[in-house]
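Here is the structure we will look at.
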Amino acid sequence: MAEQKMIGAAVPGLQPCKRYIATHDSTGKSIYAESPEQVYGGVPGFGGFARSFSIDSVPANLTNDADIKAYRAEKGDTSYTRREIVNPSPGANLLVIDLAPGAVSAMHRTVSIDFSICVQGVIEHELDGGEKVRLVPGDHIVQRGTNHRWSNPSKTEPARFVACTIPCIPFDIAGEELKEVHIPSEEWDKSKAKM
């Protein structure tokens, strides 16, 4: 399925997600900075996600709004236009993920620790061993480099979660070093049926 770029939300029925960035003016007074609209990379029939903000280091460098300037740029590791789940540099991404009714993601893992919070609808989080938890608004997952997939069990209502992804140091998992993996849902389901 081809990726589409959308503004506001990746799934019909979800209210556009507003993002506000607070900073300072030249006198030191707190203000809201101008920021581009969130651009969702979407997949028809699934949903999609927008990079709501990104930084290229931890601790973050906020001097002279360097982080905001890098985020607003059309290009660069922390640009609002990028589609990576995990920032390629040692920073962090804030993502808004929209799931269409009945959507199921690929089984995947990333070299990161992710903090994911359900904010609308009902979302299922499944591990590669078959265990599942159901999330409702406020429920959240601390994702630590494990294989997982997301699904929206509702056939009529969209769902949304917000995630912060931070790269981690690759570590050993049962004799193999943690690597990023994406297995399409249909392929995953076929491999599980053979077991």
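The values are calculated or read from the model by the stated rules, or taken from the named source; none is laboratory data. For clarity, every value in this text was computed on a predicted model and none was experimentally measured. Reconstructed Cβ throughout: ideal geometry from the backbone, glycine too, with neighbour counts over all protein chains shown. When the accessible area is computed, the model is the full protein with side chains, heavy atoms only, and any ligands, DNA or RNA have been set aside. Shrake-Rupley method; radii C 1.70, N 1.55, O 1.52, S 1.80 Å.
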_Candidates ASP98, ASP77, ASP65 - the one that is acidic (Asp, Glu), part of a loop (DSSP other than H, G, I, E, B) and open to solvent by less than 80 Å² (accessible area, probe 1.4 Å)_ = ASP77
*With the condition kept exactly as written, say whether any residue in segment 124-132 is surrounded by 16 or more Cβ atoms within 10 Å (Cβ to Cβ), basic (Lys, Arg), modelled with pLDDT of 95 or more and assigned to a strand (DSSP E or B).*
no
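Here's the yes/no breakdown for (1) within 16 Å of the chain's Cα centre (by Cα); (2) under 28 Å from TYR20 (Cα atoms); (3) of a type in the set (Val, Ile, Thr); (4) surrounded by fewer than 16 Cβ atoms within 10 Å (Cβ to Cβ):
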site	(1), (2), (3), (4)
ARG83	yes, yes, no, yes
PRO88	yes, yes, no, yes
ASN93	yes, yes, no, no
HIS108	yes, no, no, no
CYS118	yes, yes, no, no
GLY145	yes, no, no, no
_Looking only at segment 23-51, filter to residues that are in a strand (DSSP E or B), open to solvent by 50 Å² or more (accessible area, probe 1.4 Å) and at pLDDT 85 or above; which one of those is farthest from ARG82 (Cα to Cα)?_
SER30
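With farther than 20 Å from PHE46 by Cα and touching a strand residue (DSSP E or B) at 6+ places or on another chain (Cβ under 7 Å) as the only criterion, which of VAL111, VAL104 stands out?
VAL111
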